[in-house]
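The values are calculated or read from the model by the stated rules, or taken from the named source; none is laboratory data. Everything numeric in this text was worked out from a predicted model, so none of it was measured. Every residue, glycine among them, receives a Cβ derived from its backbone with ideal geometry; neighbour counts consider all protein chains shown. Heads up: the accessible areas ignore ligands, DNA and RNA and are worked out on the full protein's heavy atoms, side chains in. Shrake-Rupley method; radii C 1.70, N 1.55, O 1.52, S 1.80 Å.
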Amino acid sequence: MKARAMVQVAARRLEMQEFEVPVVGASEGLLRVTACGLCGSDVEQYRGHFAEKGLAVYPVIPGHEPVGVIEELGAEAAARWGVSVGDRVALQPVISCGRCVDCLAGAHHLCKGMFQMASPAYGYLPTTIGHGLWGGYGEYIHLHERTLMHRLPDLVPDEMATMYQALAAGIRWAVAVPGASFSDTVLVMGCGQRGLASVVALSSAGVSEIIVTGLARDAFKLELARAFGATHTIVADEEDTVARVMEITGGRGVDIAVDVVPADTAVIGHAVEVVRSGGTIVVAGVKGGNSVATLDTDRMVYKEITLKAVFTQGADMYRAGIDLLARKLERLAPMHTHEMKLEDAERAIRMLGGEIPGEEAICISLHP
């Protein structure tokens, strides 16, 4: 059997290729991909920034947010994963080794042991390894025995299910990692899919004041942020973010600042200015080719700021994201803006990256 997949062969170059679908071993499985979500990091991968840093190798099938149906399943895999042929599941992207220090500590998402690569994950492993079917931009994924997955509720359609990672990120980055609570004021810097997911998570956690920044071209996203629970929005290219935040907080500053802005490192400096003494900054926005920031470290010392960097999510956060999606399905529907065909992957990535004027893209799903 053959499977089609969109393969990135160079920076800004994807092409459709065919692969032989391999025989499934006793400890493996085969996923028929029904949809794959696009993440902001897909844009950086497409532009070649990850290859420049050694995080991706060509040729590669992108796509680390796949959902689909179990098509084939080995007996050992069925027992290990607790799933059956026909089950709808969402995959965790990292293929962990289960033996390294991080895995033994429960931080499977930080594993670097499997394949001895910087990014041992679906969507980042080159097609030259094994069977090659490692990415969500294809019709099938051959499931490695170390795969982690989660069943999807029947009520959540495929296109909405692809938002499971964005919501998991919002829960972990904006609530769990900084320990956000009811009385906190939280600044979310960026109103893309992770920024909006952070607002949803914070609002669901009962956080009293949520400030969100965006650009003038993000009017639609900022409006959605307010609908999701943001109490204040700031148009960063028309207003002074630092001055506006201090005005909103009466000069106290925010308890937590969450950076989910792509490319721009200046926002981290803004966070240092607006976080109160003893506050927390969470850095999650991938900066791609512009990842070197200049920070006033003395200011950070005097204010005793806690700076935390975060990368992807763990199993508990994925489960929480899927649960939140199921509970708030109708309310979250406006976040999913485009459903596109697999062969339109390049256009979808460029749309998400703001390269196609007139398109208001937040969450996009590709469908084989």
Response to the item:
Nearest-0.05 FRET efficiency for ARG347 and ALA79 at R0 = 41 Å, using Cβ-Cβ distance, is 0.45
Item to complete: Could you compute the FRET efficiency for VAL9 and SER291, with r as their C-beta to C-beta distance and R0 at 30 Å, rounded to 0.05?
Response: 0.75
Discussion item. Could you compute how much accessible surface ARG172 exposes when probed at 1.4 Å, giving the result in Å² to the nearest 10?
Written reply: 50 Å²
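Applying 1/(1 + (r/R0)^6) with R0 = 41 Å to the Cβ-Cβ distance of LYS112 and ASP298, what FRET efficiency is obtained, to the nearest 0.05?
With a Förster radius of 41 Å, E is 0.80.
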Item to complete: Using θ = phi - 60° and the Karplus relation 6.51 cos²θ - 1.76 cosθ + 1.60, list the HN-Hα couplings for segment 49-54 in order, rounded to whole Hz, with x at every Gly or Pro.
Response: 5, 6, 5, 4, 9, x
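Could you grab the relative contact order for the chain? Cα pairs under 8 Å, six or more apart, rounded to a whole percent.
18 percent
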Response to the item:
With a 21 Å threshold on alpha-carbon distance, the violating pairs from LYS287/LYS328; LYS2/LYS53; LYS53/LYS287 are LYS287/LYS328; LYS2/LYS53
Worksheet item: Counting only the heavy atoms of the protein chains, how much of CYS191 is accessible to a 1.4 Å probe, in Å² to the nearest 10?
Response: 10 Å²
Worksheet item: Rounded to the nearest whole Å², what accessible area per residue is found for the chain with the 1.4 Å probe?
Response: 40 Å²
Response to the item:
Order by accessible surface, 1.4 Å probe, largest leading, for residues LYS308, LYS53 comes to LYS53, LYS308
Practice prompt. Please compute the net charge surrounding LEU73, taking Lys and Arg as +1 and Asp and Glu as -1 over other residues with Cβ under 11 Å from its Cβ.
Written response: -4
Worksheet, complete the sentence: Classified through the alpha carbon gyration tensor (a ≥ b ≥ c as square roots of its eigenvalues; rounded if a/c is under 1.5, else prolate when a/b is larger than b/c, else oblate), segment 231-368 comes out prolate
Worksheet item: Quick one: with all protein chains in place, what share of the accessible area of the chain is carbon or sulfur, to the nearest percent (1.4 Å probe)?
Response: 51 percent
Discussion item. Given the whole protein assembly as supplied and a 1.4 Å probe, what does the accessible area of GLU273 come to in Å², nearest 10?
Written reply: 70 Å²
Response to the item:
Using alpha-carbon positions, the gyration tensor of segment 1-122 gives root eigenvalues a ≥ b ≥ c; with a/c under 1.5 called rounded, otherwise prolate if a/b exceeds b/c, else oblate, the class is oblate
Response to the item:
The Cα radius of gyration of segment 164-304, divided by 2.2 N^0.38 Å with N its residue count, comes to 0.94
Worksheet item: So how much slack lies between GLU355 and ALA315, counting 0.36 nm per residue of separation and subtracting their Cα-Cα distance, in nm?
Response: 11.1 nm
Discussion item. Testing the spin-label approximation: label points 7 Å from Cα along Cα→Cβ at SER203 and ARG151. State their distance in nm.
Written reply: 3.0 nm
Discussion item. To the nearest 20 Debye, how big is the dipole of segment 290-368 about its Cα centre, given +1 on the beta carbon of each Lys and Arg and -1 on that of each Asp and Glu?
Written reply: 300 debye
Practice prompt. Would you mind calculating the gained length between MET340 and GLU20 on full extension (0.36 nm times residue separation, minus the Cα-Cα distance), in nm to one decimal?
Written response: 112.8 nm
Worksheet item: Normalised by the number of residues in segment 98-169, what is the relative contact order in percent for Cα pairs under 8 Å and 6+ residues apart?
Response: 14 percent
Response to the item:
With all protein chains present and a 1.4 Å probe, the order of ASP158, ASP184 from largest accessible area down is ASP158, ASP184
Worksheet item: If you rank TYR140, TYR164 by how much accessible surface each has, with a 1.4 Å probe, what is the order from largest down?
Response: TYR140, TYR164
Fill in: Proximal aspartates and glutamates to LYS112, defined as alpha-carbon separation beneath 13 angstrom and excluding residues fewer than eight positions away on the same chain
ASP102
Item to complete: Averaged over every viewing direction, what's the projected area of the C-alpha convex hull for segment 109-225? Give it in nm², one decimal, please.
Response: 9.9 nm²
Practice prompt. Show the residues, 5+ positions off or on another chain, whose built amide H is closer than 5 Å to the amide H of VAL212.
Written response: VAL188, HIS232, THR233, ILE234
